[in-house]
1. When the chain is treated as a GNM, springs tying every alpha-carbon pair under 10 Å, which of Ala144, Ala110, Ala95 comes out with the largest mean-square fluctuation?
2. The chain: longest stretch without exposed trypsin sites (Lys or Arg not before Pro) (DSSP loop, at most 11 other Cβ within 10 Å), sites themselves excluded?
3. If Lys and Arg each add +1 and Asp and Glu each add -1, what is the summed charge of the other residues whose beta carbon sits under 12 Å from the beta carbon of Leu175?
4. Taking Lys40 as the anchor, which lysines have their alpha carbon closer than 30 Å to its alpha carbon, excluding any fewer than eight residues away along the same chain?
5. What translational diffusion coefficient, to the nearest whole µm²/s, does the stretch 1-96 have by Stokes-Einstein, given a Kirkwood radius computed over alpha-carbon pairs, a temperature of 20 °C and 1.002 mPa s viscosity?
6. Calculate the dipole size of the chain relative to its Cα centre from +1 charges on Lys and Arg beta carbons and -1 charges on Asp and Glu beta carbons; express the result in debye to the nearest 20.
7. Given N residues in the stretch 114-166, what is Rg(Cα) / (2.2 N^0.38 Å)?
8. What shape does the stretch 6-200 take by its C-alpha gyration tensor, where a ≥ b ≥ c are the square roots of the eigenvalues and a/c under 1.5 counts as rounded, a/b above b/c as prolate, and the rest as oblate?
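What follows draws every value from the coordinates through simple rules; no lab data is involved. Since the structure is predicted, the reported quantities are computational estimates derived from the model, not experimental observations. Cβ coordinates were reconstructed from backbone atoms using ideal geometry, including for glycine residues, and neighbour counts include every protein chain displayed.
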Amino acid sequence: MPKAITIGVLALQGAFEAHAKALESLGVTAKLIRTPAELKDLDGLIIPGGESTTFLKFLERDGFLGALQSFVETTPTFGTCAGAILLAKHVENPAQKSLAVLDITVERNAYGRQIDSTILTAPTKLEGGPLEMVFIRAPRITRAGAAVETLAERDGFPVLVRQGHLLAATFHPELSADPRVHQLFLNLIQSHANSERARKS
């Protein structure tokens, strides 16, 4: 019998409950993560939207940032909106500290204020046709490295990207009824686990 998958959702701020519900609807155990010790034994982690500078303030307490840095370097992690900013190698407008694991450059608040938030439906490389995307004070990915695969775009800029065991979206898939982006992360976790098992055998 396959091992049950447990995915953590960083629950320091942002729409973490909506991510947990989306995961549970796919039959996955979702665990809300508020301390570094809770990162242990997770199969993957979602860093949700929110305010990236506020996230950093929370993470700089109790050694959480260092523990999270070690985690994301080796374990499947999905960042949405502010989470994508935290994963990015370079952050602009203004520059800020990040985990610097995903080879993208992100421009913060590139699409304007809260009032400029929008819902778009656009083509995607995911099976099942166009994807509904909810943008709220979204960042813009202005550069993606050679190892980064773009899975969806807005106005010619990537909005859903994958690099190895990392996934990032500049929109909020947890606010859409379409489960495909969370399913994509689940598939990424399973393929990562399979390759780790093959490597150790």
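1. Ala95
2. The reported range is 114-201.
3. Values: positive: Lys21; negative: Glu17, Glu132, Glu174, Asp178.
Charge balance near Leu175 sits at -3.
4. Candidates past the 8-residue exclusion: Lys3, Lys21, Lys31, Lys57, Lys89, Lys97, Lys200.
5. The calculation lands on 157 µm²/s.
6. Once rounded to the nearest 20, the dipole reads 320 debye.
7. 1.18
8. It is rounded, given that a/c, with a ≥ b ≥ c, falls under 1.5.
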